[in-house]
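Just so it is clear, none of the values below were taken in a lab; they were calculated from the coordinates. None of these values were measured; they are calculated from a predicted model.
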Amino acid sequence: MSKFASREFWTGTFDRAVSTVAQAALATLTAGVTGILAVDWVQVASVAALAGAVSLLQSIAFRGAPEDPRANGLGGSAPTV
């Protein structure tokens, strides 16, 4: 079964993308801004959306099963110690 057919894969991918968007927005908001009125909200949304898109593409391209902590991102498993 393809990882793309798995509900767990898409749930994990969505969770990571939302987390990345929030982190990027927070980082952009706190970078050199002195007040809420000085925030360029379009820029914050743009940076956050780009980060979310990169997260989504990275999950599709490089992740194994997101719920498997042993996944190495190459379709195999990391060696167990």
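Below are the figures for this structure:
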| item | result |
| --- | --- |
| Karplus (6.51, -1.76, 1.60) ³J(HN,Hα), θ = phi - 60°, over segment 41-49, in Hz, Gly and Pro reported as x | 5, 5, 5, 4, 5, 5, 5, 5, 5 |
| Length added when fully stretched, L26-Q43, from 0.36 nm per residue minus Cα-Cα | 4.9 nm |
| Theoretical gain in end-to-end length, S6 to Q58 [0.36 nm per residue, Cα-Cα removed] | 17.1 nm |
